[in-house]
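What follows is a single structure, written as structure tokens, with notes after it.
Just so it is clear, none of the values below were taken in a lab; they were calculated from the coordinates. These figures come from a predicted structure and were not determined experimentally. Cβ: placed from backbone, ideal geometry, glycine included. Neighbour counts: every protein chain shown.
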Amino acid sequence: MINNNVFIKTRKKLIFTITLVVELFMILMSVFIYSYFKTSIVVNMDRALYEEYHFISNQFNKDSFLNPIILQNPQDIVYIYEGDSIRYYTRNRYFDQNVPKNNSKRTGFYYEIYNGYNFRTAKIKKGNYTVSIMRNIDSEKESLSHMLVLLILTGFLSLLLAYIIAKYISKKALKPIEISWNNQVNFVQDASHELRTPVSIIQSKLESLLRNPNSTIEDEAETVAVAMRETRQIKKMISELLSLTKEESIVKINNENVDIEALFSDIFESYIEIAEYQNKKFSYKTKMKNKFVNIDKSKLEHLIRILVDNAFKYTKENESIDIEAVEKGRNRVQISVSDTGIGISQSDQKHIFERFFRSDTARASSIEGSGIGLSIAKMIAGTINGNIRVVSKLGKGTKFIIDIPRGKIVKNIR
Ligand SMILES: Nc1ncnc2c1ncn2[C@@H]1O[C@H](COP(=O)(O)OP(=O)(O)OP(=O)(O)O)[C@@H](O)[C@H]1O
Ligand SMILES: [Mg+2]
């Protein structure tokens with residue numbers, strides 16, 4: 001299709017946007033989770049170190065470092081300095097031989113690395129002393145780096161997943177747009193194609209008039225009549241095309257209580273003269289206990305008129321047309337328009353609801369038509385929640401059956 005590129009581009013954009021949004025969200029979530037865990041580990045550790053400081057500072061108040069200091073957490077390493085010289089330290093497996101000097105003026109909580117081990121240190125001044133409490137954080141660091149790897153892996157996995165989901169969603173979302181777009185393109189192509197025929201007939205007729213400038217209108221009556229007929233045809237097609245586009249866009253429904261018998265009678269009145277003039281039998285009957293349905297009256301009438309129009313068009317003299325309504329259970333009503341006309345072959349029945357389709361028999365006969373009527377009928381049937389089907393036999397006759405919901409009858413009717 002001409003505009004396939006537009007769809008491919010839009011789809012790519014949509015996939016990219018969805019994937020980007022999902023991935024950004026995942027990255028933000030990962031950053032949040034990682035920093036939350038990291039911060040909470042540090043906060044808890046600092047609190048524990050500070051508690052340890054209080055625990056041990058009470059013990060060397062007595063100014064004696066002769067007794068070993070008892071630790072709240074035996075894993076902690078404690079160094080107590082007086083100035084630069086060390087006064088007390090706990091034995092440990094990390095740097096027993098290589099005692100850290102109190103060479104920095106630094107106090108507070110910080111990270112440090114000794115002999116390849118990671119520590120969180122709390123260095124707090126107490127009078128002349130500096131107390132340094134260290135806790136090994138290798139296992140916490142390892143857990144955090146495992147978590148980071150896991151989050152990065154999840155990020156990649158979610159990227160893949162987001163891409164697959166975005167592909168699926170974009171395909172689903174664009175499908176109806178693509179279908180209606182293609183329908184529009186087909187419609188415009190078909191419509192212009194169908195309009196071309198009557199226009200070229202008119203053109204050739206006008207040219208033939210120009211070729212005989214001395215003829216009178218009377219001489220050329222036949223030519224003018226053909227041109228007039230084609231003009232009428234174009235006019236009818238244009239108004240039908242307009243009603244088709246309206247039917248597609250304005251799906252506003254005005255439901256009301258409709259007396260089917262009265263509706264049939266109105267339609268009958270407007271066709272009876274044509275029936276008499278064309279020498280055809282036209283009748284209607286309703287076999288209904290309750291003759292009311294709640295439906296959009298003008299839409300239903302339009303639909304029946306399209307079918308009656310066809311029935312008149314595709315019948316000859318002495319043949320008959322009949323409209324009938326019956327109840328189908330409590331909730332549905334069936335309206336049928338039947339004729340004893342030319343009928344529709346089995347293979348054509350599949351296509352008659354398509355725009356611009358006309359059977360070969362219809363085209364071969366001199367019956368005018370553009371093949372739009374039934375496509376409008378089908379659309380209206382859908383709009384009023386009904387459906388339409390055809391039963392026909394070539395040469396015997398045709399019956400169109402409309403099935404409509406009765407709807408909720410509003411009370412207080414006469
Ligand atoms: N009652 C019928 N009997 C036989 N053939 C029919 C009948 N109704 C429809 N058809 C066939 O279905 C085709 C489509 O009908 P449709 O009403 O859509 O178009 P049309 O009557 O040809 O033109 P128009 O747009 O003017 O109504 C007709 O051309 C005809 O071949
Ligand atoms: Mg028709």
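Determine the principal axes of the Cα atoms in region 267-387, then give the extent along each, sorted from largest to smallest and rounded to whole angstroms.
Extents along the principal axes, in whole Å: 43, 31, 25.
With all pairs of different alpha carbon atoms counted, what Kirkwood hydrodynamic radius in Å does region 105-250 show?
Taking the inverse mean of 1/r over all distinct Cα pairs, region 105-250 comes out at 24.7 Å.
With each label point set 7 Å from Cα along the Cα-Cβ vector, what nm distance links D403 and R363?
3.2 nm
For an R0 of 51 angstrom, estimate the FRET efficiency from the Cβ-Cβ distance between K289 and E354 and round to the nearest 0.05.
Working: r = 37 Å, r/R0 = 0.73.
In this case the efficiency is close to 0.85.
Determine which lysines satisfy two conditions relative to K9: a Cα distance under 29 Å, and not lying fewer than 8 residues away in the same chain.
Answer for K9, where 29 Å is the Cα cut-off: K167, K171, K172, K175, listed by chain and number.
Tabulate in residue order the Karplus-calculated ³J(HN,Hα) for region 352-368, using 6.51 cos²θ - 1.76 cosθ + 1.60 with θ = phi - 60°, rounded to whole Hz; enter x for Gly and Pro.
4, 8, 7, 4, 6, 7, 9, 5, 4, 4, 5, 5, 5, 6, 8, 6, 6
Need one word for region 317-358: rounded, prolate or oblate. Basis is the Cα gyration tensor (sqrt eigenvalues a ≥ b ≥ c); a/c below 1.5 gives rounded, then a/b vs b/c decides.
Note, shape of region 317-358 comes out oblate.
Sequence-distant or interchain residues sharing an amide H contact under 5 Å with G369, placed H: which?
When sequence neighbours closer than 5 places are left aside, there are no close amide H contacts.
Dipole of the chain (Lys/Arg Cβ +1, Asp/Glu Cβ -1, origin at the Cα centre): which of T286, G329, I169 lies farthest to the positive side?
I169
Percent relative contact order of the chain, based on C-alpha pairs within less than 8 angstrom and at least six residues apart?
About 12 percent, as a whole number.
Could you work out which residue, out of S143, S192, S170, moves most in a Gaussian network model of the chain, that is, has the largest mean-square fluctuation with Cα springs under 10 Å?
Among S143, S192, S170, the largest mean-square fluctuation in the Gaussian network model of the chain belongs to S143.
What do you get for GluC sites (Glu not before Pro) in region 196-284 restricted to DSSP loop and a cutoff of at most 10 other Cβ within 10 Å of the site's Cβ?
Details: sites: E207, E218, E220, E222, E230, E240, E247, E248, E256, E261, E269, E273, E276; in loops: E218, E220.
Loop-located and lightly packed - E218.
Could you give the nm distance between label points at Q346 and Y163, where each point is 7 Å from its Cα heading toward the beta carbon?
Result: 5.2 nm between the two label points.
With a ≥ b ≥ c the root eigenvalues of the C-alpha gyration tensor of the chain, is it rounded (a/c under 1.5), prolate (a/b larger than b/c) or oblate?
prolate
Per residue of region 397-402, in order, report the coupling 6.51 cos²θ - 1.76 cosθ + 1.60 (Karplus, θ = phi - 60°) as ³J(HN,Hα) in whole Hz, putting x for Gly and Pro.
x, 9, 9, 9, 10, 9
Would you look at the GNM of the chain, springs on alpha carbons closer than 10 Å, and say which of N183, N92, N310 moves the most?
Result for the chain, Cα springs under 10 Å: N92 fluctuates most.
Which of the listed residues, A221, L300, I201, is farthest toward the dipole's positive end in region 185-322, when Lys, Arg count +1 and Asp, Glu count -1 at the beta-carbon?
The residue sitting most towards the positive pole is L300.
Identify all lysines with a Cα-Cα distance to K281 below 25 Å; exclude those on the same chain that are fewer than 8 residues away in sequence.
K291, K313, K316, K393, K396, K399
Let me make sure I get this right: for region 180-333, a, b and c are the square roots of the gyration tensor eigenvalues over alpha carbons, sorted descending. Under 1.5 in a/c it's rounded, otherwise prolate if a/b > b/c, else oblate. Which is it? Mind showing how you got there, number by number?
On the way: a/c = 3.45, a/b = 1.65, b/c = 2.09.
Oblate.
Return the lysines within reach of K252: Cα separation strictly under 16 angstrom, same-chain partners fewer than 8 residues apart disregarded; answer none if there are no such residues.
Straight-distance partners of K252: K297, K299.
Taking θ as phi - 60°, what are the ³J(HN,Hα) couplings along region 43-53 by the Karplus curve (6.51, -1.76, 1.60), each to the nearest whole Hz, with x for Gly and Pro?
Per-residue couplings from phi come out as 4, 5, 5, 5, 5, 5, 5, 5, 5, 4, 4 Hz.
Return, ordered by residue number, the residues of region 185-205 whose backbone nitrogen is under 17 Å from a label point located 7 Å along Cα→Cβ of R232.
198-199, 201-202
Only bridges with both residues in the chain count here: give the DSSP antiparallel percent, nearest 5.
Working: 53 of 60 bridges.
The antiparallel proportion sits near 90 percent.
Label-point separation (nm) for I152 and M29, each offset 7 Å from Cα along Cα-to-Cβ?
2.0 nm
What are the trypsin sites (Lys or Arg not before Pro) within region 1-93 that DSSP puts in a loop, where the Cβ has at most 16 other Cβ atoms within 10 Å?
For trypsin sites (Lys or Arg not before Pro) across region 1-93 that sit outside H, G, I, E and B with at most 16 neighbouring Cβ atoms in 10 Å, the list reads R91, R93.
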